[in-house]
């Protein structure tokens, strides 16, 4: 098949993406110029670093360590606050690509207020980080409580006028139940998944390596778990899914698409492949689709289900 005729654009609710590759939150997304640069270098959309209503320093170092199959990070959600991030989003919007604002809060009201800042900045969509595994009393408690998640999602929709994407936790005992709660709260899409709570210990000092003790596991070791979550949710929930977790090559991308994802987020892969990973994945996906005689992305989404 002529690769020039292949369309890899993706649609997440009303959000139109030129390709299904999205910069994951927490990966180079702290400044407007960097978000703009990554968008111009081939990403279909970019997501800001998660920000809250007020500035936050995060945890003392070390905040990241490499482990077998990926990385652990315990950043502690450092960010300059909603007012400062509003300006960064304004700058990132100059790229012409969709800009997704990621927000967190310690309670419903903080989520609502942070969402209003993203709305004033004209962010194209909002991702609710309700699944950070290494900061107590923020996000993850909401993301593991179906009723609370539904309530927060519903409240945020009143202060943000674009698509609402809820980022789910692989630490949930029943992730389908949590996905249903997000859907019932009015979510327009789901990111599946955030990092898995984990840790590493230095055998010489006999102490946890990370400053925050526990961290979030990302990278290839997370992929089979995230893929399973996407597959399960696709069978029960009629919302677009953004796959996230250990995606480093085209084979990973295709697996997530076959499991039911309409787009994927790229994070850890940037460490090993730099910003060029977006263009590389796009070219490889087009080659795969040409080889298998597919013209549009939707022709393969969810086809691993029988």
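The values are calculated or read from the model by the stated rules, or taken from the named source; none is laboratory data. Note that this is a predicted model, so its numbers are computed, not measured. All Cβ positions, glycine included, derive from the backbone under ideal geometry; neighbour counts span all protein chains shown.
Summary table below
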| item | result |
| --- | --- |
| Cβ pairs under 8 Å, 6+ apart, first in segment 14-31 and at positive phi and in contact (Cβ under 8 Å) with a residue 24 or more places away in the chain, second assigned to a loop (DSSP other than H, G, I, E, B) and surrounded by fewer than 21 Cβ atoms within 10 Å (Cβ to Cβ) | none |
| Any hit, segment 159-170, residues being in a helix (DSSP H, G or I), buried (at least 24 other Cβ atoms within 10 Å of the Cβ) and at pLDDT 95 or above | no |
| Residue match in segment 205-212 (condition: within 30 Å of residue 285 (Cβ to Cβ) and modelled with pLDDT of 95 or more) | no |
| Qualifying positions in segment 52-77 - under 17 Å from the mean Cα position of the chain (by Cα), farther than 25 Å from residue 262 by Cα and in a strand (DSSP E or B) | 71, 72, 73 |
| Options 147, 141, 204: the member that is in contact (Cβ under 8 Å) with a residue 24 or more places away in the chain and surrounded by fewer than 22 Cβ atoms within 10 Å (Cβ to Cβ) | 147 |
| Lone qualifier among 183, 118, 187 - being in a helix (DSSP H, G or I) and crowded, with 22+ Cβ neighbours inside 10 Å | 118 |
| Total residues in segment 68-110, condition more than 20 Å from residue 131 (Cα to Cα) and surrounded by fewer than 16 Cβ atoms within 10 Å (Cβ to Cβ) | 8 |
| Identity of the residue in segment 21-49, in contact with a strand residue (DSSP E or B) (Cβ under 6 Å, 6 or more places away or on another chain) and part of a helix (DSSP H, G or I), that ends up surrounded by the most Cβ atoms within 10 Å (Cβ to Cβ) | 35 |
| Per-region count, segment 227-259, residues assigned to a helix (DSSP H, G or I), buried (at least 19 other Cβ atoms within 10 Å of the Cβ) and out of contact with any helix residue (DSSP H, G or I) (no Cβ under 8 Å at 6 or more places or on another chain) | 0 |
| Subset of segment 208-226 that is surrounded by fewer than 24 Cβ atoms within 10 Å (Cβ to Cβ) and assigned to a helix (DSSP H, G or I) - its residue that is nearest to the chain's Cα centre (by Cα) | 223 |
